[in-house]
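*Asks:* So that we are looking at the same thing, I have put the structure below in structure tokens.
What follows is calculated from the coordinates using simple rules that are stated; it is not laboratory data. Bear in mind the structure is a predicted one, so any value in this text is a computation, not a measurement. Every residue, glycine as well, gets a Cβ built from its backbone with ideal geometry; the counts of neighbours run over all protein chains shown.
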Amino acid sequence: MAKKTDVEMHLQWKLRVKVANEEQICAIENCDSVMEIQCNRCQYLFCKLHLKIADIIEFGMGNSQKISAVLCDHCFARRIIWDQ
């Protein structure tokens, strides 16, 4: 149930921040910095302050592996649910 709720909240978040990226602004709400780097999970662009490198689990054809990825603050907070 946590994943279903998270997906619904994530989709609402994407709708809210889409406008910022269309205006070439960081997709974190209330940040007016210019977008610079893309998040590997949500694919939106962010300023350097709202990105971090983190180890995540990538699920593939019947197997999973730990990889390093560039994540925005939003996706970094969600990784605990999605890496289970």
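*Asks:* Search the structure for amide H atoms under 5 Å from the amide H of C42, placed 1.01 Å from N in the peptide plane, and list their residues when 5 or more places away or on another chain.
*Replies:* C72
*Asks:* How much mean residue ellipticity at 222 nm does the chain get from its helices, if each DSSP H run of length 4 or more adds -39500 (n - 2.57) and you divide by all residues, to the nearest 500 deg cm²/dmol?
*Replies:* On the way: 2 runs with 31 residues, N = 84.
Helices in the chain give a 222 nm mean residue ellipticity of -12000 deg cm²/dmol.
*Asks:* While we're here: For the chain, set up a Gaussian network in which alpha carbons nearer than 10 Å are linked by springs, and say which option among L45, L15, L71 fluctuates the most.
*Replies:* Among L45, L15, L71, the largest mean-square fluctuation in the Gaussian network model of the chain belongs to L15.
*Asks:* For segment 17-32, in order, what is each residue's ³J(HN,Hα) by Karplus, 6.51 cos²θ - 1.76 cosθ + 1.60 with θ = phi - 60°, in whole Hz (x at glycine and Pro)?
*Replies:* Once θ is set to phi - 60°, the couplings for segment 17-32 become 8, 4, 4, 4, 5, 5, 9, 6, 10, 3, 7, 7, 4, 6, 9, 9 Hz.
*Asks:* Another question, if that's okay. What label, among [x] 3.02; [y] 1.04; [z] 1.12, belongs to Cα Rg over 2.2 N^0.38 Å computed from the structure on display?
*Replies:* Given [x] 3.02; [y] 1.04; [z] 1.12, the calculated one carries the label [z].
*Asks:* Can you compute the charge dipole magnitude of the chain about its Cα centre, using +1 on each Lys and Arg Cβ and -1 on each Asp and Glu Cβ, nothing else charged? Give it in debye, rounded to the nearest 20. Write out the running numbers ahead of the final one.
*Replies:* Working: 11 positive and 11 negative charges, 53 e Å.
Value, rounded to 20: 260 debye.
*Asks:* In terms of modelled amide H atoms, which long-range or inter-chain residues lie less than 5 Å from the amide H of S33?
*Replies:* Residues meeting the criterion, in which the H sits 1.01 Å from N, are C26.
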